[in-house]
Amino acid sequence: MKVPHLNPYYRAAFILVAAAAVLVAIAVITNRRDITTAAVVISALICLLTGIFLATLSKSDPLDLQYVSLLPVQGSINLSRICAELGIQGNATIIPKGKNGSTHTMQFLPVSVYDGAPLPSKTFVSSPDNAGVLFVPSGGPLLREIREREHLVIPQEMAAIKELIREIGVDVLEVAERVFVTEDNEIITVTMEGYRLIGGCKEITRESPRCCTAIPCPVCSLFACLLAEGTGSIVEVERCTVHHENGSVDAVFSLLS
């Protein structure tokens with residue numbers, strides 16, 4: 001049976017407590033009763049207290065991130081396959097609330113290219129100007145939860161939006177060690193270094209990189225929703241690139257209108 005995994009802080013605490021026990025044992029066995037013994041006992045006490053603090057104040061890591069990263073994978077692949085069978089070849093576009101009559105932030109997956117025209121409020125869109133499928137983006141539940149728990153207010157200035165994306169990726173969701181957001185005209189690139197859910201990205205791209213641009217995962221979808229609601233523009237998912245050598249992911253979005 002597999003031994004349960006302890007996070008590094010608990011392992012360090014265990015080592016410190018064990019070291020304290022060893023030092024006390026040395027003091028008892030030698031029984032010198034001098035200043036050296038006192039120093040050993042004090043060292044043992046320091047190790048014990050430090051170990052207790054580490055065990056008490058450190059965050060637990062109850063979930064195996066490799067397992068968690070695989071949770072949305074098959075759903076994204078399946079929906080991408082269904083859309084491909086229907087002849088839908090466009091990239092995912094996020095339409096912010098209030099844009100073109102939209103009452104909620106939605107994702108539209110066009111047959112080819114979305115021209116920004118208003119869409120009927122139904123799942124399967126078939127009009128003279130646009131055709132495709134319209135549904136709630138996969139990052140919608142995350143965005144709603146962050147709004148409620150963190151009292152999120154999405155800014156309208158691009159510099160503040162970029163900082164918000166960084167804070168959500170690193171501090172709120174803790175899915176990456178570092179997040180960088182760069183802007184080049186209408187192209188926004190979000191780079192997640194040390195991405196903890198990269199196992200799911202690898203599985204999806206192994207199937208097809210098309211899955212990421214058609215049905216982005218909840219994290220990339222969340223970033224697209226933040227950009228769309230902050231700028232008030234329709235956001236298209238251009239591409240997602242997984243860098244296997246350093247465990248980072250680049251998500252590229254474009255502002256359409």
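Structure data summary
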item	result
Qualifying residue in segment 225-238 (condition: among the charged types (D, E, K, R) and either under 18 Å from Ser76 (Cα atoms) or not in a helix (DSSP H, G or I) (or both))	yes
Residues satisfying the stated conditions in segment 103-136, i.e. at pLDDT below 90, in contact with a strand residue (DSSP E or B) (Cβ under 8 Å, 6 or more places away or on another chain) and of a type in the set (A, V, I, L, M)	Leu119, Val125
Given (1) closer than 16 Å to Cys212 by Cα; (2) of a type in the set (D, E, K, R); (3) in contact with a helix residue (DSSP H, G or I) (Cβ under 7 Å, 6 or more places away or on another chain), number of the condition Arg81 does not satisfy	(3)
Tally of residues being within 10 Å of the chain's Cα centre (by Cα) and aliphatic (A, V, I, L, M) across segment 180-231	5
Residue that is modelled with the lowest pLDDT [pool: residues in segment 185-196 that are touching a helix residue (DSSP H, G or I) at 6+ places or on another chain (Cβ under 9 Å) and closer than 15 Å to Thr241 by Cβ]	Tyr195
Selection count, segment 163-184, where residues are touching a helix residue (DSSP H, G or I) at 6+ places or on another chain (Cβ under 9 Å) and of a type outside the set (Phe, Trp, Tyr)	14
Residue among Gly247, Gly140, Gly232, Gly194 that is in the same structural domain as Val73 (by TED's automatic domain parsing), in contact with a Leu (Cβ under 9 Å, 6 or more places away or on another chain) and in contact (Cβ under 8 Å) with a residue 24 or more places away in the chain	Gly140
1 or more residues over 29 Å from Val175 (Cα atoms), among the charged types (D, E, K, R) and modelled with pLDDT of 85 or more: qualifying helices (runs of 4 or more DSSP H) within segment 1-95	73-85
So Asn100, is it more than 27 Å from Glu177 (Cα to Cα), assigned to a helix (DSSP H, G or I), in the same structural domain as Glu177 (by TED's automatic domain parsing) and not basic (Lys, Arg)	yes
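The values are calculated or read from the model by the stated rules, or taken from the named source; none is laboratory data. Only a predicted model underlies this, so the values are computations on that prediction, with no experimental measurement involved. Using ideal geometry, Cβ is built from the backbone for each residue, glycine included, and neighbour counts are taken over all protein chains shown.
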